[in-house]
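Below: the structure, in structure tokens.
Read-outs: derived from the displayed coordinates by stated rules, not from any lab. The model shown is predicted, which means the values in this text are computed figures rather than measured ones. FYI the Cβ positions are ideal-geometry reconstructions off the backbone, even for glycines, and counts take in every protein chain you see.
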Amino acid sequence: MGKHQQRARRRDYWVTVVSDPVPVAEVIVLGSGKDCDLTIALADGRSMEMGVAELVISTDGQVKVELECVDDVDVQVRYSGDDLELRAVRLSGGDGCDEQEFRRDVRPWLASDLVEGLPCIACAEITLATAGG
């Protein structure tokens, strides 16, 4: 495989964070080839923030995707759209994080009403759609 054809690693466990539609203002991915930050800005003003090692985003409907070069190294990808919904979010621990440790970190993060960012690096699978999609 070439350097741009690297496949995501199979994860043995996932934590479902969202399984019912949640209104979203936008989703922002910021980073380089080594580090990546994910911000899911919910329509109610809260946000889900985390560092991600691997990220898969699936979309349906009229989701707008914008790419902006931030500096010599970083790019920002912004997902937005009218009546945008977060349909699903699944998280798994990044490399070097075992399942019990990851679940122990995720529970208080969710219980805190997302006040602070997730305290560990995650792998994420996200589904976004516009309400009509």
statement: Between the modelled labels at ARG78 and GLN100 (7 Å from Cα along Cα→Cβ) the distance in nm is 4.4
query: Which of these values of mean projected area of the Cα convex hull in nm² was calculated from the structure shown: (1) 8.7; (2) 11.5; (3) 7.9?
result: (1)
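Looking at the chain, send over the antiparallel percent of its DSSP beta bridges, to the nearest 5.
80
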field: Length-normalised contact order for the chain - Cα pairs under 8 Å, 6+ apart - percent
entry: 32
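What FRET efficiency would be calculated for the residue pair SER32, VAL65, taking the C-beta separation as r and a Förster radius of 22 Å, to the nearest 0.05?
0.75
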